[in-house]
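Here is the structure we will look at, set down as structure tokens.
Just so you know, all these numbers are worked out from the coordinates, no wet-lab data involved. This one's a predicted model, so the numbers in the text were calculated from it and none came from an experiment. Note that each Cβ is placed from the backbone with ideal geometry, even for glycine, and that neighbours are counted across all protein chains shown.
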Amino acid sequence: MKLYNHAKADSILNNKNLVIVGGTSFYLKTLLYGISPMPKISKETKAKTSKILEDSITKAYEIVFTIDKQYMSNIASTDKYRIEKMLNLYYETGYTPTEYFKQNPPQPTITEPLPIYEITVDREVLRDRIRVRTEKMLDKGLLDEISYLKNKYGREPNCMKAIGIKESLDFFDGIYTKDEMIEKIIINTARLAKRQKTFNRSQFKEKSSLLLGELIID
């Protein structure tokens, strides 16, 4: 939010147009609809939550589900990241997620009308671009980079489950051949593009009548 406000002020000062481009649409959604401020989580709370998750993610989910069925019904019982976040929130504040977010509603950063455009591209052209992008990533050392990250941080961080990384880890484990790994990356990236298109159309329709077409990936 601070970065946007700084960029906007700078564009006004220099009499320039401000264009928000690229990246995940979640950032744009946050600018338009806001996000609830989260409390600072103490070391004690983090340790308590971590102990429960280490024992059983199922138990952790049941704890939060029991106190807030309404909120947790939209979160998968295997979604460790969100379960941990909600447990921390509950133990730190004493409020259920529903209660906390009701008391701390999101505040949008962008309140003025915002034209939203989405570049269109043919599905086969998109698939070809994804293939080229994947091959470039491999040529530039994707496997070496992931091997380094795995050795330094392990496989637990959420970023290690990202497309391109998880398929490479399966390649290291002998689950895929290199050619199979490449095809899996291409397929999963194409599926992500399709989900992004669906997300864009479902989230921003009321904000702009200018949202068009299919997501492009370079």
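If only residues of the stretch 164-182 that are in a helix (DSSP H, G or I) and under 23 Å from the mean Cα position of the chain (by Cα) are counted, the one that is surrounded by the fewest Cβ atoms within 10 Å (Cβ to Cβ) is ASP170.
Restricted to helices (runs of 4 or more DSSP H) entirely inside the stretch 6-103, those with at least 3 residues that are in contact (Cβ under 8 Å) with a residue 12 or more places away in the chain and of a type in the set (A, V, I, L, M, F, W, C) are 25-33, 57-67, 80-93. Quick check on the stretch 142-163. Is at least one of its residues of a type in the set (A, V, I, L, M, F, W, C), part of a helix (DSSP H, G or I), within 18 Å of GLY22 (Cα to Cα) and in contact (Cβ under 8 Å) with a residue 12 or more places away in the chain? Checked against the condition, which is being of a type in the set (A, V, I, L, M, F, W, C), part of a helix (DSSP H, G or I), within 18 Å of GLY22 (Cα to Cα) and in contact (Cβ under 8 Å) with a residue 12 or more places away in the chain, the stretch 142-163 yields no hits at all.
Give me the residue from the stretch 104-126 that is in a helix (DSSP H, G or I) and more than 22 Å from the chain's Cα centre (by Cα) and, out of that set, surrounded by the fewest Cβ atoms within 10 Å (Cβ to Cβ). Residue satisfying both the conditions and the ranking: GLU124. Only one of the listed residues (GLU54, GLU92) is surrounded by 11 or more Cβ atoms within 10 Å (Cβ to Cβ) and of a type in the set (Asp, Glu). That residue is GLU92.
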